[in-house]
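To start, the structure under review is shown below, and the notes come after it.
The values are calculated or read from the model by the stated rules, or taken from the named source; none is laboratory data. Treat the numbers as computed from the prediction; the structure is a model and nothing was measured. Because the Cβ atoms are built from the backbone with ideal geometry, glycine has one as well, and the counts that use them run over all protein chains shown.
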2 protein chains.
Amino acid sequence: MDEQKKTAGLRGFSAGETAICTVGNQAAGLRYYGYDIGCLAQYASFEEVSYLLLYGELPTTAQLNGYISRLKQGRGLPETLRLALEQIPATSHPMDVMRTACSLLGTLEPELDFAQQQQIAVRLLAIFPSIMCYWYCFSQTGKRIDCASQDDTIACHILHMLAGKPPNAMQQKAMDVSLILYAEHEFNASTFTARICASTLSDFYSSVCGAIGSLRGLLHGGANEASLQLFACCDTPEQAVARVMEKLQQQEKIMGFGHAVYKNADPRSAQIKHWAKLLSEQAANGHYFVMAEAIEQWMQQHKNLFANLDFYSALNYHFLGIPACLFTPLFVCSRITGWSAHIMEQRQHNVLIRPAADYIGIAQREFIPITQR
Amino acid sequence: MDEQKKTAGLRGFSAGETAICTVGNQAAGLRYYGYDIGCLAQYASFEEVSYLLLYGELPTTAQLNGYISRLKQGRGLPETLRLALEQIPATSHPMDVMRTACSLLGTLEPELDFAQQQQIAVRLLAIFPSIMCYWYCFSQTGKRIDCASQDDTIACHILHMLAGKPPNAMQQKAMDVSLILYAEHEFNASTFTARICASTLSDFYSSVCGAIGSLRGLLHGGANEASLQLFACCDTPEQAVARVMEKLQQQEKIMGFGHAVYKNADPRSAQIKHWAKLLSEQAANGHYFVMAEAIEQWMQQHKNLFANLDFYSALNYHFLGIPACLFTPLFVCSRITGWSAHIMEQRQHNVLIRPAADYIGIAQREFIPITQR
């Protein structure tokens with residue numbers, strides 16, 4: 001029983017080897033292929049970081065230019081996919097849309113050979129923003145947006161499609177940093193899902209569909225959307241803190257605080273908070289930022305819990321004018337890079353992931369024919 | 001390093017508790033909720049067994065009748081799904097079709113509350129055969145089959161849709177037994193995928209999509225389709241054995257032999273072999289059966305490997321006139337019961353499944369700006 005408790009959810013138990021990422025357990029531990037997350041967020045673009053995750057090295061200027069041009073070419077939606085997106089109900093969960101579109105793309109542009117894996121990773125990285133924005137805009141307004149923009153960065157592409165006009169430099173950088181911070185995080189639940197699927201030698205799309213499905217959950221990617229709900233109906237820091245206390249009294253979890261791996265701080269929080277603060281100065285609902293700081297302080301003092309990446313990311317996205325229902329799909333647009341890296345790594349040294357279980361049910365029962373039951 | 005090897009693929013390591021199934025490691029070990037698999041295959045119907053997996057007890061006659069009538073009602077395809085199936089290319093992998101259809105259904109009939117979970121499990125069990133057969137028949141012949149048959153059993157429903165006429169009693173029973181044997185198998189890779197996804201508190205369809213994706217792999221569900229390829233281009237037992245020897249010389253794996261959990265025998269093999277033998281007596285290519293026995297004997301004697309469920313199942317399906325590309329989707333039609341049971345069990349005592357990893361990459365690298373790379 002103690003043994004079982006110790007391994008509940010496999011927490012802290014190594015399920016395999018990786019050369020992609022360290023998370024550490026102190027605030028300074030997060031590195032992608034050895035590069036500190038703080039440096040990447042400050043000095044690199046998401047295109048450089050995604051290249052690093054897909055190819056293992058930061059690109060030279062020539063490599064980056066070629067890569068960006070491939071990403072631009074990969075933005076277009078195949079006609080069958082576009083029509084399918086128009087058929088999906090406007091009330092659907094946007095993560096269900098991402099999962100379905102990824103799955104359908106797997107029938108239209110199948111992975112016939114593992115040699116295609118990097119090409120498919122780039123295609124998915126390029127097309128996910130188009131899928132997300134096309135469906136959202138069509139389902140909300142009936143408008144068929146053009147996804148094949150010539151914007152150089154994914155951050156700009158996303159903000160341009162959603163707002164119908166190009167973002168300013170600060171908005172673009174805030175989105176870019178968010179994509180960098182969400183890109184990779186070792187054996188989290190969605191990545192581990194992708195690796196198990198890859199370990200059966202299934203195709204790339206199957207692995208990514210599985211990962212999207214896991215990311216959708218409230219205990220994983222769904223947390224960023226949920227954490228924005230704290231601010232609704234509050235106008236002052238005092239009201240926001242009162243709201244948190246009320247939720248805690250009702251035994252509700254405060255989303256955006258604490259972490260399954262980190263114990264003292266999330267090394268990504270300071271980065272995203274910096275941009276949320278800058279954006280707040282020119283955004284509608286900019287007063288959310290002081291409310292957020294009040295909540296953060298209160299949670300630290302009274303619950304000894306720190307704000308994780310999701311907390312200030314939600315604000316960041318809100319200040320960028322992004323509807324809350326797209327927060328988790330945005331996570332997909334970023335994390336596809338980490339998932340892809342792990343699928344490729346799993347395939348390279350593959351062993352089928354097939355654990356055992358402790359049986360706690362009825363030992364043996366005699367079969368009784370239905371007429372005698 | 002030794003520690004790592006020991007836990008490669010988490011083999012033999014308990015990833016949690018379950019009351020649904022024991023696999024044991026001897027041939028007699030497989031039980032669903034305490035009932036021996038041999039008894040279930042001989043004396044119960046797949047409808048009884050699926051009820052057992054979804055509700056934890058074998059049904060009374062009244063319960064079974066109500067359940068069968070719900071299953072019959074669940075066979076119809078929503079119009080949007082039907083049209084989407086017609087758009088999926090005829091060359092697609094049928095498992096990609098199952099995954100996409102399941103995902104799309106999740107947007108059309110979403111799980112808005114976990115209280116709907118059993119209802120959704122029954123719906124998926126009822127509709128998967130319709131999805132599989134509708135797409136297959138339409139993509140191959142352009143014919144739009146009627147999926148809302150009044151056949152009492154799932155086995156009959158499947159065979160009826162594929163052949164365009166009702167099966168005889170022996171064919172129906174052979175299919176029924178196959179569905180029972182494939183229904184559940186503890187923490188196999190696809191079920192574990194479903195549980196991880198469920199552990200994030202994601203929805204039912206996401207978990208099932210992830211499971212379908214994992215089952216698709218050649219090291220998991222894909223093996224039954226692959227094992228039929230042994231028989232192609234062979235006419236005699238001697239030729240078949242020669243084919244196997246040739247493959248082994250070329251370092252190819254012989255699909256349908258050995259098992260990740262079982263060491264001496266697969267407790268399901270004798271059951272399915274029995275029906276394959278009976279079917280062979282009235283089937284086209286009935287001589288495959290003696291070829292299969294010759295291969296089985298040779299593999300046992302020379303490689304000390306036993307035939308697993310997939311080996312004679314492939315023959316069984318072939319004798320039933322089922323195209324090889326549908327063998328793994330048929331596995332989905334059966335295993336949806338086990339997946340559903342595990343998703344519900346995971347939710348009941350949920351802990352997020354989030355393992356750690358051993359880092360084997362570069363410890364730390366200094367960031368170099370792109371102009372200096």
Problem - Every residue from the stretch B:48-57 that is at the interface with chain A (Cβ under 10 Å from one of its Cβ atoms) and farther than 15 Å from residue B:19 by Cα - result: B:48
Handout entry: Complete set of residues in the stretch B:320-373 that are in contact (Cβ under 8 Å) with a residue 24 or more places away in the chain, farther than 30 Å from residue B:56 by Cβ and in contact with a strand residue (DSSP E or B) (Cβ under 9 Å, 6 or more places away or on another chain)
Key = B:358
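Yes or no, residue by residue, for (1) among the hydroxyl-bearing types (Ser, Thr, Tyr); (2) within 14 Å of chain A (Cβ to nearest Cβ); (3) at positive phi:
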| site | (1), (2), (3) |
| --- | --- |
| B:279 | no, no, no |
| B:284 | no, no, no |
| B:304 | no, no, yes |
| B:318 | no, no, no |
| B:336 | no, no, no |
| B:351 | no, yes, no |
| B:354 | no, yes, no |
| B:358 | no, yes, no |
Exercise for the section: Could you please give the count of residues in the stretch B:8-29 that are of a type in the set (S, T, N, Q) and either in contact with a strand residue (DSSP E or B) (Cβ under 7 Å, 6 or more places away or on another chain) or modelled with pLDDT of 85 or more (or both)? Expected result: 3
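Matching residues to (1) surrounded by fewer than 23 Cβ atoms within 10 Å (Cβ to Cβ); (2) in contact (Cβ under 8 Å) with a residue 40 or more places away in the chain; (3) acidic (Asp, Glu):
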{"position": "B:95", "(1), (2), (3)": "no, yes, no"}
{"position": "B:99", "(1), (2), (3)": "no, yes, no"}
{"position": "B:126", "(1), (2), (3)": "yes, yes, no"}
{"position": "B:141", "(1), (2), (3)": "yes, no, no"}
{"position": "B:149", "(1), (2), (3)": "yes, yes, no"}
{"position": "B:195", "(1), (2), (3)": "no, yes, no"}
Problem - Residues satisfying the stated conditions in the stretch B:23-78, i.e. among the basic types (Lys, Arg) and free of Cβ contacts under 8 Å to residues at least 60 places away in the same chain - result: B:31, B:70
Problem - Wholly enclosed helices (runs of 4 or more DSSP H) of the stretch A:149-251 bearing at least 2 residues within 14 Å of chain B (Cβ to nearest Cβ) - result: A:189-199, A:204-215, A:222-228
Practice task
Look at the stretch A:259-272 and say how many of its residues are in a helix (DSSP H, G or I) and buried (at least 17 other Cβ atoms within 10 Å of the Cβ).
Solution key: 3
Completion exercise
Just one listed residue, out of A:153, A:61, is assigned by TED's automatic domain parsing to the domain that holds residue A:337 and surrounded by fewer than 16 Cβ atoms within 10 Å (Cβ to Cβ), and it is A:61
Exercise for the section: Quick one: residue A:318 ticks every box in (1) under 19 Å from the mean Cα position of the chain (by Cα); (2) of a type outside the set (Lys, Arg); (3) within 25 Å of residue A:30 (Cα to Cα) except a single one, so which number is it? Expected result: (3)
Exercise for the section: Check whether at least one residue in the stretch B:207-217 is within 23 Å of residue B:29 (Cα to Cα) and crowded, with 22+ Cβ neighbours inside 10 Å, and report yes or no. Expected result: yes
Handout entry: Criterion (out of contact with any Ser or Thr (no Cβ under 6 Å at 6 or more places or on another chain), of a type in the set (Gly, Ala, Ser) and surrounded by fewer than 24 Cβ atoms within 10 Å (Cβ to Cβ)) met by exactly one of B:240, B:223
Key = B:240
Exercise for the section: Sort through B:309, B:326, B:352 and tell me the only one that's over 25 Å from residue B:242 (Cα atoms) and either crowded, with 24+ Cβ neighbours inside 10 Å or in contact with a Cys (Cβ under 9 Å, 6 or more places away or on another chain) (or both). Expected result: B:326
Practice task
Answer with yes or no whether residue A:75 is more than 10 Å from chain B (Cβ to nearest Cβ) and in contact with a Ser or Thr (Cβ under 7 Å, 6 or more places away or on another chain).
Solution key: yes
Completion exercise
Scanning the stretch B:273-309 residue by residue, those among the aliphatic types (A, V, I, L, M) and in a helix (DSSP H, G or I) turn out to be B:276, B:278, B:279, B:290, B:291, B:292, B:294, B:295, B:299, B:309
Exercise for the section: Inspect the stretch B:284-305 for any residue being more than 23 Å from residue A:188 (Cβ to Cβ) and touching a Ser or Thr at 6+ places or on another chain (Cβ under 6 Å) and give the result as yes or no. Expected result: yes
Practice task
Kindly provide the set of residues from the stretch A:318-373 that are of a type in the set (Ser, Thr, Tyr) and either outside any helix (DSSP H, G or I) or closer than 29 Å to residue A:291 by Cα (or both), ordered by number.
Solution key: A:328, A:334, A:359
Problem - Condition check for residue A:110: in contact (Cβ under 8 Å) with a residue 60 or more places away in the chain, surrounded by fewer than 23 Cβ atoms within 10 Å (Cβ to Cβ), within 7 Å of another protein chain (Cβ to nearest Cβ) and out of contact with any Pro (no Cβ under 6 Å at 6 or more places or on another chain) - result: yes
Exercise for the section: Identify, by number, the condition in (1) within 14 Å of chain A (Cβ to nearest Cβ); (2) in contact with a Leu (Cβ under 7 Å, 6 or more places away or on another chain); (3) in a helix (DSSP H, G or I) that residue B:103 doesn't meet. Expected result: (2)
